[in-house]
1. Would you mind checking which residues have amide H under 5 Å from Val306's amide H? H placed 1.01 Å from N; only 5 or more apart, or other chain.
2. By how many degrees, between 0 and 90 and to the nearest 10, does the Cα long axis of helix 686-710 differ from the longest principal axis of the chain?
3. So what is the 222 nm mean residue ellipticity for the chain from helices alone, if each DSSP H run of at least 4 adds -39500 (n - 2.57) and you divide by all residues, rounding to the nearest 500 deg cm²/dmol?
4. In segment 554-645, which trypsin sites (Lys or Arg not before Pro) are in a loop and have at most 15 other Cβ atoms within 10 Å, using DSSP for the loop call?
5. Under the Karplus relation 6.51 cos²θ - 1.76 cosθ + 1.60, θ = phi - 60°, what is the ordered set of whole-Hz ³J(HN,Hα) values for segment 181-191, x standing for Gly and Pro?
6. Mean separation of Cα pairs under 8 Å and 6+ residues apart, divided by the residue count of the chain: what relative contact order is that in percent?
7. Stokes-Einstein D for the chain at 10 °C, 1.306 mPa s, Kirkwood Rh over Cα pairs, in µm²/s?
8. Rounded to the nearest 10 degrees, what's the angle between the helix 34-45 long axis and the longest principal axis of the chain, both from Cα atoms, 0 to 90?
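Please treat every number below as a calculation from the coordinates, not as lab data. Note that the coordinates shown come from a computational prediction; the quantities given were computed from them, not determined experimentally. Counting neighbours? That spans all protein chains shown, and the Cβs are built from the backbone with ideal geometry, glycine included.
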Amino acid sequence: MNSVTHCAHEDAPKRTTAASASQQELLIEGAGCASCVAKIESALKAVPGVTDAEMNFAQRSVQVFGAAPVAQLIQAVEQAGYQATPSAAESEQDALAEKEQADQAYYRRLLRHMTIALGLGVPLMLYGLITGEMSVNSGPQRLGWLLVGVLTLAVMCVSGRHFYTGAWQSLRNHSANMDTLIALGTGTAWLYSMVVVLVPHLVPEMARHVYFEATAMIIGLINLGLGLELRARGRTSEAIKRLIGLQAKTARVLRDGVEQDIPIAAVLLGDRVRVRPGEKIPVDGAVEEGHTAVDESMLTGEPMPVEKSIGDDVVAGTLNKSGSILFRATRVGKDTALARIIGMVKQAQNSKPPIGRLVDVIAAYFVPVIMIIAVLSALAWLNFGPQPALAFAMVSATTVLIIACPCALGLATPMSVMVGVGKAAEAGVLIRNGEALQTASKITAMILDKTGTITEGAPKVTDILVTGDYSERQILQWAASLEAGSEHPLALAIVDSARAQGVDTLRAEGFNAIAGQGVEAQVEGKPLLFGNEKLMQQRAVAIGPSLAQAQQWAAAAKTPMYFAVDGKLAAIIAVADPIKADSIAAIERLQNDGIRVVMLTGDNRDTAQAVAEKAGIKEFFAEVLPEDKANKVRELQQQGEVVGMTGDGINDAPALALADVGFAIGTGTDVAIESADITLMRGSLHGLADAIAVSRATLRNIKQNLLGAFIYNVAGVPVAAGVLYPVLGVLLSPVIAGAAMALSSVTVVTNANRLRLFKAQQE
């Protein structure tokens with residue numbers, strides 16, 4: 001048995017350190033589609049001192065990692081053609097309120113723009129449908145349509161201004177985005193109509209048709225779509241809202257012998273805080289007085305309240321159920337577990353899975369390609385189309401530009417990621433980034449550490465067989481003295497057993513931990529050796545007569561450890577670590593889902609086999625040294641498996657780092673939160689199955705969104721260009737294209753929100 005050294009995950013994302021040192025959030029204005037994302041991220045990454053930048057198109061925000069001044073970041077975004085403002089909020093609650101206020105104001109502005117545009121467009125469209133007369137053939141008609149043209153220009157300036165200014169900014173930066181397509185489409189329709197009105201003799205008589213209603217309707221419908229999308233987007237951040245809602249607003253602090261209620265932000269480290277039944281724990285701390293039961297389900301997903309007494313830790317956001325307690329604050333503000341969880345969830349929601357980064361690359365080329373297709377479509381109609389060829393050319397080009405706006409494409413991934421990560425957080429599963437979210441859906445093999453993962457991780461001494469001329473109490477005292485400095489679960493079991501029997505520990509000298517085998521030291525001048533069978537063989541300690549008893553214990557899922565004094569076997573101590581109540585059912589869920597489950601343990605083979613059989617695991621590796629766990633991960637990867645590794649997130653760092661996805665089982669505090677790609681806040685392996693189920697559901701949702709977006713954006717382009725006209729005589733109207741484009745974004749957001757209804761246990 002070896003002394004375990006706590007170490008952090010070696011393969012945590014490099015930006016984590018940077019983020020903690022310097023991470024800034026900018027709110028972006030003017031970003032209209034997926035092609036904007038790549039430009040904004042590239043502009044920010046080019047700023048000296050920036051290590052990374054991730055934009056969440058759905059939230060219209062960007063996380064910047066590094067040490068660059070905020071003024072330089074804003075300047076970079078503005079030079080790219082957009083506006084940026086730093087988040088001025090001092091807390092997550094303030095940030096949420098700030099964003100909701102901004103969204104409400106933007107929503108009202110969009111509805112106002114929509115009302116103005118449709119107020120002109122709908123009557124014009126109805127007039128065309130009823131009379132069928134949208135042509136310019138006489139002087140009075142010219143005068144009437146001139147007035148309509150001026151009104152349409154007013155609509156363009158008021159309701160469509162943000163499209164045209166965005167297009168102009170993109171043009172200045174030698175790029176193109178959604179605004180470019182809308183501005184070109186609606187501008188072309190208006191300009192063509194004004195030419196028909198002002199100089200009709202330049203246009204063939206058959207082509208003297210005006211399209212003012214198309215311009216107004218498109219602007220109105222797209223503003224409506226943006227408004228509906230904004231409302232639906234608000235629902236995707238429900239998980240963050242709920243997490244923030246867990247935070248108490250005030251705390252009852254004992255200062256100078258007087259209890260006083262103060263704002264949560266005013267609580268200091270070391271303050272003594274009183275919490276009564278039914279109140280939320282305001283900050284992290286350690287109980288000094290009282291006894292209670294705390295409902296931690298909001299953070300861990302575990303329904304049963306947890307008993308808390310003197311010395312136990314309490315976590316901010318959890319609910320005190322029964323007794324009154326007084327605790328000392330150990331973490332406050334942004335250092336509390338809840339604040340760190342909120343930050344981690346937000347960062348994960350902003351991150352992109354590989355499939356999302358691919359979409360960004362495609363989107364960067366999408367708009368220029370669509371512009372080329374629109375030009376080619378117009379040329380084809382002018383050269384090969386029927387009369388009026390000019391009108392057909394204008395309509396097809398405009399329709400192609402409008403229907404291809406890649407709003408839905410940009411929303412497809414971030415919307416699902418936001419909901420999926422939030423849904424996982426509600427189940428007590430913290431997903432660090434989008435890449436882990438995507439990879440978890442592909443896992444084919446899951447490696448489980450035994451102690452603390454499959455088992456309780458709190459072993460107890462069950463048997464002591466004395467084989468030498470010593471008393472059981474003497475053996476226990478020496479063994480506890482030897483293990484007093486170790487943090488290994490089996491060592492703690494020995495020490496706890498000694499304390500329970502009132503046995504004091506003695507000073508150990510020359511302590512030496514032998515990795516994966518045991519420990520040695522001198523106590524009261526006697527050389528002691530304590531460890532597994534391999535250690536006894538190496539030191540030539542005869543264990544033959546006691547081997548049968550050790551094997552019998554091992555077959556009963558107990559871990560036998562050999563204790564030698566002066567090079568001779570003095571006793572065998574058996575320690576048992578019970579399997580968690582729900583481990584068997586959770587492992588069965590994984591296996592039923594087609595995942596190959598493998599158990600790793602440093603324990604002896606007989607004990608490992610007994611635990612594996614009880615847990616329903618067919619494949620296991622025993623007597624594995626800590627450094628060899630990573631090799632087992634590599635072996636499975638070489639067999640073509642996508643490997644998940646589940647451990648305590650602390651002493652399994654090399655294996656967690658090498659695995660395709662590392663899962664840490666933690667309590668939601670300290671290093672466990674940041675030790676792996678995915679952290680399970682509760683101790684149950686059901687959290688593992690839930691994480692994979694949520695991951696698969698999210699990736700399935702992303703693919704549905706992308707399919708829908710591509711159907712709108714790609715399949716619609718040939719129809720808009722007129723490929724069906726020679727066969728069916730169908731040419732898509734620009735108004736229909738505008739409605740389809742607006743509807744596509746709403747469809748994607750609505751589909752992403754379906755994830756909120758997902759139940760992991762149903763998978």
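1. Val294, Asp295, Glu296
2. Between the helix axis and the principal axis of the chain, the angle is about 10 degrees.
3. Values: 27 runs with 383 residues, N = 763.
Calculated from helices alone, the mean residue ellipticity at 222 nm is -16000 deg cm²/dmol.
4. Values: sites: Lys558, Lys568, Lys580, Arg589, Arg596, Arg605, Lys614, Lys618, Lys629, Lys632, Arg634; in loops: Lys580, Lys618.
Passing both the DSSP loop test and the Cβ count: Lys618.
5. Ordered by residue, 3J(HN,Hα) equals 5, 5, 4, 5, x, 6, x, 5, 4, 5, 5 Hz.
6. On the way: 1597 pairs, mean separation 121.5, N = 763.
Relative contact order for the chain comes out at 16 percent.
7. Numbers: Rh = 29.9 Å.
Diffusion coefficient, whole number: 53 µm²/s.
8. The answer is roughly 60 degrees.
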